[in-house]
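In what follows, a single structure is set out as structure tokens and then discussed.
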Amino acid sequence: MTLGPLMVDIVGLELSDEEHDILQHPLVGGIILFSRNYESPEQVAALTASIRALRDPHLIISVDHEGGRVQRFRTGFTRLPPVGEIGKHYKQHPKQTLKNTEIAGWLMAAELRAIGVDFSFAPVLDLDYGVSEIIGDRSFHRDPEAVASMAYAYIQGMKRAWMPAVGKHFPGHGAVEVDSHLGLPIDSRHFEDILPADILPFKRLCQTELAGIMPAHIIYEQCDSLPAGFSPYWIKEILRDRLGFQGAILSDDLSMEGAAVMGNSLARAQAALSAGCDMVLVCNKPESVVQVIDGLKLVDDPVRHLRLIRLHGRHGSPRDQLFASQQWKQAVQMVSRYLPDSELELDLA
């Protein structure tokens, strides 16, 4: 059975009968987990096992687990710092910062792989211009060279834990103030200004390091009239043709306000897929999942399936074996040095 182009969510801690049926629909290819789906490591491991048993190849299982404000699983997992806290030390101590960044990437990935999650939507490749509250310390740095270098190190850590990397939010979310979860941001810069800045980390990493990329729900009005995630210009002309990206392109959550300009859930899904996305996220509105499944018309695409199958993680270590290792103990000690005094969790897709 091929992997379909829809990534959906579920309501609770285990699959309902209806969700069991939805996840076996041929249009579905993945699932994203949220904090509401987590009670304990044992519970979520049982949940992922039940999801993996539904189909062959198994559905892609994902989560947002960057650290800091965006960490879906908390009790029973290491508290991860926002990567921006690590990035603060890059200019003064670049070599040590890159080493610690790689360790942080490994720790995040290893703990998730141990409970059956294929990947986290990470790393964030946006630049921290100091204007976007939704990005902020989720970004490694303001300098695009620093972001590219730190993201490369982070991905090497993920690779050591056998987790593919999915970078976001192409071509860059950091220069706009509006949160695309709540509204439609407009970026008025010209392409010539974005290319050597926000796009640079994507350009450096997209051909060899990134298995997937998530476009932003942002209109770059000097370049195109459509939000990037629905734009053939950004997805096909720039990301595919100009930058040469051959991996999977996954939309941001279609329930976000930044996607509302494209119509209802079915229209949003169709537009994103027609623009070149390989998979679209339909989250937080169960009725929308049914609407899209009932109405979406799509021809099977073997190339899309091959791109998506590469998002499967491999070789996760059992939790008891992971926690007994010196590597894990040293990694936990290292990241604890970067933890801020307090933080708020962001309820993001």
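The values are calculated or read from the model by the stated rules, or taken from the named source; none is laboratory data. The model shown is predicted, which means the values in this text are computed figures rather than measured ones. With ideal geometry, Cβ positions are generated from the backbone for all residues, glycine too; neighbour counts draw on all protein chains shown.
Structural remarks
- As for segment 141-155, it holds no residue that is modelled with pLDDT under 95 and assigned to a loop (DSSP other than H, G, I, E, B).
- Single residue of E85, E66, E42 found to be part of a helix (DSSP H, G or I), over 21 Å from V282 (Cβ atoms), among the acidic types (D, E) and in contact (Cβ under 8 Å) with a residue 40 or more places away in the chain: E85
Listed here are the residues, each with its yes/no results for (1) within 19 Å of Q270 (Cβ to Cβ); (2) not aliphatic (A, V, I, L, M).
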{"residue": "A197", "(1), (2)": "no, no"}
{"residue": "A211", "(1), (2)": "no, no"}
{"residue": "M214", "(1), (2)": "yes, no"}
{"residue": "I218", "(1), (2)": "no, no"}
{"residue": "I238", "(1), (2)": "no, no"}
{"residue": "D241", "(1), (2)": "no, yes"}
{"residue": "F245", "(1), (2)": "no, yes"}
{"residue": "D253", "(1), (2)": "yes, yes"}
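- Qualifying residue in segment 280-287 (condition: without any contact (Cβ under 8 Å) to a residue 60 or more places away in the chain and surrounded by fewer than 21 Cβ atoms within 10 Å (Cβ to Cβ)): yes
- Residues (part of a helix (DSSP H, G or I) and either under 17 Å from I249 (Cβ atoms) or within 14 Å of the chain's Cα centre (by Cα) (or both)) located in segment 272-313: A272, L273, S274, A275, P302, V303, R304, H305, L306, R307, L308, I309
- Count of residues meeting criterion [over 18 Å from E18 (Cα atoms) and hydrophobic (A, V, I, L, M, F, W, C)] in segment 269-295: 9
- Single residue of L210, L200 found to be touching a residue at least 24 places away in the same chain (Cβ under 8 Å) and either under 23 Å from F34 (Cβ atoms) or touching a helix residue (DSSP H, G or I) at 6+ places or on another chain (Cβ under 6 Å) (or both): L200
- Residue in segment 112-120 that is more than 26 Å from D278 (Cβ to Cβ), of a type outside the set (S, T, N, Q) and at pLDDT 95 or above present: yes
- Residues in segment 304-341 that are acidic (D, E) and either touching a residue at least 12 places away in the same chain (Cβ under 8 Å) or closer than 18 Å to G87 by Cα (or both): D341 only.
- Residues in segment 257-279 that are among the small types (G, A, S), touching a residue at least 40 places away in the same chain (Cβ under 8 Å) and closer than 23 Å to D64 by Cα: G258, A259, A260, A269, A272, G276.
- Residues in segment 235-271 that are in a helix (DSSP H, G or I), hydrophobic (A, V, I, L, M, F, W, C) and either over 18 Å from the mean Cα position of the chain (by Cα) or modelled with pLDDT under 95 (or both): I238, A259, A260, V261, M262, L266, A267, A271.
Per-residue answers, yes or no, for (1) within 29 Å of P57 (Cα to Cα); (2) over 14 Å from the mean Cα position of the chain (by Cα); (3) buried (at least 23 other Cβ atoms within 10 Å of the Cβ):
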| position | (1), (2), (3) |
| --- | --- |
| E111 | yes, yes, yes |
| I115 | yes, yes, yes |
| P123 | yes, no, yes |
| S139 | no, no, yes |
| A148 | no, yes, no |
| R160 | yes, yes, no |
| S180 | no, yes, yes |
| R189 | no, yes, no |
| D193 | no, yes, no |
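- Unique match (being farther than 19 Å from K203 by Cα, touching an Asp or Glu at 6+ places or on another chain (Cβ under 8 Å) and polar (S, T, N, Q)) among T78, T97: T78
- Yes/no for L80 being under 17 Å from R138 (Cα atoms) and touching a strand residue (DSSP E or B) at 6+ places or on another chain (Cβ under 8 Å): yes
- Options R52, R36: the member that is charged (D, E, K, R), closer than 29 Å to V8 by Cβ and touching a residue at least 40 places away in the same chain (Cβ under 8 Å): R52
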